[in-house]
1. Take segment 14-25 and flag every residue that is of a type outside the set (Gly, Ala, Ser) and either more than 14 Å from the chain's Cα centre (by Cα) or over 23 Å from Ser64 (Cβ atoms) (or both).
2. Only one of Met1, Met28 is of a type outside the set (Ser, Thr, Tyr) and within 14 Å of the chain's Cα centre (by Cα). Can you tell me which?
3. Out of the residues in segment 51-73 meeting the condition of being of a type in the set (A, V, I, L, M, F, W, C) and modelled with pLDDT under 90, tell me which one is least open to solvent (accessible area, probe 1.4 Å).
Amino acid sequence: MLKTIALRFTVALVVAYVLLFATVAAAMLQTPDRFGMFMRYAPAPLVWGALPAERMWLWARGGSLSHGDPAPDFTLAAQDGSSRVTLSSLRGRPVVLVFGSYT
């Protein structure tokens, strides 16, 4: 009887862990905005403490580029905000991308 209760408890715990893992992994594969919305409601100590979340994040955001592959094309607002710049329009010229703020 006690073995049956312990086995059921263990199975339930494993199922809950696998569901949590799968849910967080699926959320990490979404855009950063959507993942942020998920984390707004998820208990952070549970996600970052009970799961290998850092490794999951690196896996989810790993990408598939290899050395020598062309950079994926994207468009950003120009620094002055009056126009937009597309990476492919600068092909063949050196490009430096700075992300963040130096204030």
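1. Of the residues in segment 14-25, the ones of a type outside the set (Gly, Ala, Ser) are 14-15, 17-21, 23-24.
Matches in segment 14-25: Val14, Val15, Tyr17, Val18, Leu19, Leu20, Thr23.
2. Details: Met1 fails: within 14 Å of the chain's Cα centre (by Cα).
One residue alone meets the criteria, Met28.
3. Here is the first cut: in segment 51-73, the residues of a type in the set (A, V, I, L, M, F, W, C) are 51, 53, 56-60, 65, 71.
Adding the requirement that they be modelled with pLDDT under 90 leaves 65, 71.
Details: Leu65: 112, Ala71: 54 Å².
Among those that are of a type in the set (A, V, I, L, M, F, W, C) and modelled with pLDDT under 90, it is Ala71.
The values are calculated or read from the model by the stated rules, or taken from the named source; none is laboratory data. Just so it is clear, the model here is predicted, and its values are computed rather than measured. Glycine gets a Cβ as well: all are built from the backbone with ideal geometry, and neighbour counts include every protein chain shown. With ligands, DNA and RNA removed, areas are computed over all heavy atoms of the protein, side chains included. Shrake-Rupley method; radii C 1.70, N 1.55, O 1.52, S 1.80 Å.
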